[in-house]
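**Student:** Submitted below is the structure of interest, expressed as structure tokens.
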Amino acid sequence: WQQAHNESNAWLTSVLGGHTPSVPRVTADTTRCVAGQTLHTYTASSFGSIARSHITLLSAAAQTTVSSNGPSVEGAQTDPIANSGCRSMAASQSDPNEASYTFAVPSAATLVGGPVVNVTATVTGSSAEIDARLWDVDAAGNQTLMSRTPYRLEEGTNGTTVVPLTFELWPNAWQLQCGHSVKLELTQDDSPVWRPDNEPSSIALSGLQLTLPVVAGTRCP
């Protein structure tokens, strides 16, 4: 919060001094949750102009997730009400009922913005939930939450519907490190963080693309 406090104080000082405050530039401070991450502040005229590169990660694997009433182990471990601060856990404790995609970090870039998922979903049921979690997994097998998001799919019938999905996870400023992996999980149960859907359903997922807006870094060996 220090960056926000400093800019707020500068604005108040200008106003109280009888001056016209200038429009502040956009700033983003990196998150420090994992060993090796450092504080870096990015400044630009707009948030979208900070990350000028993208990392695109692809998986053709077909995976399926079904509705569940939880509670989810990973959901409980990362519940912001019951816990606080950075949320880490052993990757071996991941929930079984989820689609999981793991990619080696290709470069020491910095994620600045919201990761975007493109995937084809074959939904069976009248209503379904899709929750996304993005993890930073270190070489020891410990995973730390980078981002997440929930979405509800309302199809209105009990049949099967093919839906091309594009959605964004919450933005973050996160330094990626060589030797780590990025893991994306798509599930229908992230309780108790989000309330699970009451209606039974299944989602078959295929053709996944994960796009990370980044400040480019050195390519990993």
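**Student:** Could you check, for the stretch 125-142, whether at least one of its residues is under 30 Å from Ala44 (Cα atoms) and touching a Cys at 6+ places or on another chain (Cβ under 9 Å)? I'd like the intermediate steps shown before the answer.
**Tutor:** Of all residues in the stretch 125-142, those under 30 Å from Ala44 (Cα atoms) come to 132-137.
Adding the requirement that they be touching a Cys at 6+ places or on another chain (Cβ under 9 Å) leaves 136.
Scanning the stretch 125-142 turns up at least one residue that is under 30 Å from Ala44 (Cα atoms) and touching a Cys at 6+ places or on another chain (Cβ under 9 Å).
**Student:** Would you confirm, using the coordinates I've provided, whether Val182 is part of a strand (DSSP E or B), modelled with pLDDT of 95 or more, more than 25 Å from Ser72 (Cα to Cα) and under 14 Å from the mean Cα position of the chain (by Cα)?
**Tutor:** On the way: part of a strand (DSSP E or B): yes; modelled with pLDDT of 95 or more: yes; more than 25 Å from Ser72 (Cα to Cα): no; under 14 Å from the mean Cα position of the chain (by Cα): yes.
So Val182 does not fit the description; no.
**Student:** Out of the stretch 158-201, which residues are buried (at least 19 other Cβ atoms within 10 Å of the Cβ) and either among the β-branched types (Val, Ile, Thr) or free of Cβ contacts under 8 Å to residues at least 12 places away in the same chain (or both)?
**Tutor:** Val182, Thr187, Val193
**Student:** For the stretch 149-157, state whether one or more residues are closer than 25 Å to Ser53 by Cα and buried (at least 18 other Cβ atoms within 10 Å of the Cβ). Steps first, please.
**Tutor:** Residues of the stretch 149-157 closer than 25 Å to Ser53 by Cα: 149.
Those left that are additionally buried (at least 18 other Cβ atoms within 10 Å of the Cβ): 149.
Among the residues of the stretch 149-157, at least one is closer than 25 Å to Ser53 by Cα and buried (at least 18 other Cβ atoms within 10 Å of the Cβ), which makes the answer yes.
**Student:** Turning to a different aspect of this structure: Val112 - would you say it is touching a strand residue (DSSP E or B) at 6+ places or on another chain (Cβ under 9 Å), at negative phi and free of Cβ contacts under 8 Å to residues at least 40 places away in the same chain? Working first, answer last.
**Tutor:** On the way: touching a strand residue (DSSP E or B) at 6+ places or on another chain (Cβ under 9 Å): yes; at negative phi: yes; free of Cβ contacts under 8 Å to residues at least 40 places away in the same chain: no.
No.
**Student:** Next question. Only one of these is farther than 30 Å from Gly125 by Cβ, modelled with pLDDT of 95 or more and either touching a Ser or Thr at 6+ places or on another chain (Cβ under 8 Å) or part of a loop (DSSP other than H, G, I, E, B) (or both): Ala51, Ala28, Ala99. Name it.
**Tutor:** Ala51
**Student:** Does the stretch 47-69 contain any residue that is surrounded by fewer than 14 Cβ atoms within 10 Å (Cβ to Cβ), under 20 Å from Pro150 (Cβ atoms) and touching a residue at least 12 places away in the same chain (Cβ under 8 Å)?
**Tutor:** yes
**Student:** Please go through the stretch 7-25 and give me each residue that is hydroxyl-bearing (Ser, Thr, Tyr) and either modelled with pLDDT of 95 or more or assigned to a loop (DSSP other than H, G, I, E, B) (or both), ordered by number. Full working, then the answer.
**Tutor:** So in the stretch 7-25, the residues hydroxyl-bearing (Ser, Thr, Tyr) come out as 8, 13-14, 20, 22.
The answer is Thr20, Ser22.
**Student:** Against the definition (loosely packed, with under 15 Cβ neighbours inside 10 Å and in contact (Cβ under 8 Å) with a residue 24 or more places away in the chain), how does Ser92 come out, yes or no? Even if it seems obvious, please write down each step before you answer.
**Tutor:** On the way: loosely packed, with under 15 Cβ neighbours inside 10 Å: yes; in contact (Cβ under 8 Å) with a residue 24 or more places away in the chain: yes.
Yes: the conditions hold for Ser92.
**Student:** Also, quick follow-up: Any idea how many residues of the stretch 1-43 are among the polar types (S, T, N, Q), within 30 Å of Met146 (Cα to Cα) and in contact with a helix residue (DSSP H, G or I) (Cβ under 9 Å, 6 or more places away or on another chain)? Walk me through how you get there before you give the answer.
**Tutor:** Residues of the stretch 1-43 that are among the polar types (S, T, N, Q), as a first pass: 2-3, 6, 8-9, 13-14, 20, 22, 27, 30-31, 37-38, 41, 43.
Next, only the ones that are within 30 Å of Met146 (Cα to Cα) stay: 2-3, 6, 8-9, 27, 30-31, 37-38, 41, 43.
If we keep only those that are in contact with a helix residue (DSSP H, G or I) (Cβ under 9 Å, 6 or more places away or on another chain) too, we end up with 27, 41.
Residues flagged as among the polar types (S, T, N, Q), within 30 Å of Met146 (Cα to Cα) and in contact with a helix residue (DSSP H, G or I) (Cβ under 9 Å, 6 or more places away or on another chain) within the stretch 1-43 amount to 2.
The values are calculated or read from the model by the stated rules, or taken from the named source; none is laboratory data. Computed from a predicted structure; not experimentally measured. In this analysis, Cβ positions are derived from the backbone assuming ideal geometry, glycine residues included, and neighbour counts consider all displayed protein chains.
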